[in-house]
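Undergrad: Just dropping this structure here.
The values are calculated or read from the model by the stated rules, or taken from the named source; none is laboratory data. Keep in mind that this is a model prediction, so the values were computed, not measured. As a convention, Cβ positions derive from the backbone with ideal geometry for all residues, glycine included, and neighbour counts pool all protein chains shown.
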Amino acid sequence: MDTIKTWQTIGRLEKGESAMKSTTGIRRSALFIALIFLIADVSAAASYNVGADEANNSSDSASMYGDPILIDGLPPLLCDDELCDRPLRIDLRNNQPASEKAGWWLGYGPDLDWNGMDDRLQRVISGYDSISPTAIIGDDGKKTVAIIVDYAWHPSDLEVNQISDVLNSHNWIGEENGAWLDLPESIDAIVVDKVPVSALMDIYHLPGVVVIEMQNVMVPTNDVAGKATRAMPSDVYTESAYERGYSGEGVVIAILDTGVDNEHRSLNDFDDNNDAPDTDALSYDDHKWVAGYDATSAAANPDGTQDPDDGQGHGTHVAGSALGTGDSSREHRGTAPGAYLVDIKVLTDTGGTNSQYSVSGIQWMINNADTDWGHNSSSRGIQIGSMSFGSVSSPLNPGDEGDNGTGAEAR
């Protein structure tokens, strides 16, 4: 049975933030997550130095390749039926503009043989089935994959054209037929799906490519209760945030999930009167909803006026846990009942979803951290992002220990 790695975070967005990072409002978890990112950062830096030393000591340092590393149980990467030389991926940037720190890619988690090809994709190349929810059968007879192509610098039109040429040479169906291609601003990557397996090695050899990630398959989770986090009054825990006068008033929380049914009595407004449901989220005098975005749609409107539906129910559940006002008894309130809602749909109603939507939704949230939504001065921007979802383990990654902070969603 598949297992789920949970990324349940409530992260505060700071103005001018340039990378996709999230922290949690729980002190112990915040310290734990901070340590994870610190270790990942130090590990990447150490790996970068080791790679540089290896390049300097190479008998042919100009080639910038090393011997392949063979890992027990991992099919090796082959180039024309021979073991591929391992690119050292050092000094590639050449002063080109970038959003991320040089060398981060040398600490990428699912790359035990340190060659820049996600180990899960190596297994797909060797004959395993793709687990992408958007997979179709490519011209090579295999299920297509969803990937994130990471560069040493921020990709421009040149890199987009290069990768498009490769994809088209392998009969990629293209965006006009439902494929996804996106360039997030905060990471140096191109996000694409429905990629024929036969195209992976050609993409791997494109200039500037440092890692090809397999997109994680994201599923909803939720296991944090308001009482356990000392947010609401409890017979067990003392000195809750509520008792100290904190209710989330004046804070805007973005719920990144399956969408939110903001017609629900606990989410439509602040007064908990028995209002009749209204499809217009702004029809209430004291509405909680201030903006929305459907990151699962290639035709999404980025101006914040979308109000994504929740056909699955999980996003509404999470929103209630975060900012619901409860019923008239005030018994089933969320952690911050005084907060406003921004509804960002990053998971489809059918279950597992490629991480391309999560990356898009996180980027939109970052871009709108200080947006004036035009309602009132206390509901400006986004201060908190709630993401109650995780990636599914699969036979493509046996012994999976979770993201070490180097995946696109974490960066």
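Undergrad: When you look at Asp193, is it closer than 21 Å to Ile125 by Cβ and over 22 Å from the mean Cα position of the chain (by Cα), yes or no?
TA: Here the answer is no, as Asp193 does not meet what is asked.
Undergrad: Which of the residues belonging to the stretch 47-68 are at pLDDT below 95, surrounded by 14 or more Cβ atoms within 10 Å (Cβ to Cβ) and part of a loop (DSSP other than H, G, I, E, B)?
TA: Selection gives Ser58, Met64.
Undergrad: Right, another one. Being touching a strand residue (DSSP E or B) at 6+ places or on another chain (Cβ under 7 Å) and without any contact (Cβ under 8 Å) to a residue 24 or more places away in the chain is the filter here; which residues of the stretch 64-117 pass it?
TA: Tyr65, Gly66, Asp67, Asp85
Undergrad: Restricting attention to the stretch 307-321, does a residue exist that is over 23 Å from the mean Cα position of the chain (by Cα) and farther than 30 Å from Met214 by Cβ?
TA: Taking every residue of the stretch 307-321 in turn, none turns out to be over 23 Å from the mean Cα position of the chain (by Cα) and farther than 30 Å from Met214 by Cβ.
Undergrad: Another one. Being modelled with pLDDT of 95 or more and closer than 15 Å to Tyr204 by Cα is the filter; apply it to the stretch 69-84 and report the residue that is surrounded by the most Cβ atoms within 10 Å (Cβ to Cβ).
TA: Leu77
Undergrad: Pick from Trp364, Trp373: which is aromatic (Phe, Trp, Tyr) and out of contact with any Ser or Thr (no Cβ under 9 Å at 6 or more places or on another chain)?
TA: Only one candidate passes the filter, namely Trp364.
Undergrad: If you don't mind, another one. Checking the structure you have, find out if any residue of the stretch 127-142 is within 16 Å of Asn216 (Cβ to Cβ), part of a strand (DSSP E or B) and at pLDDT 95 or above.
TA: Looking for residues that are within 16 Å of Asn216 (Cβ to Cβ), part of a strand (DSSP E or B) and at pLDDT 95 or above, one finds none in the stretch 127-142, hence no.
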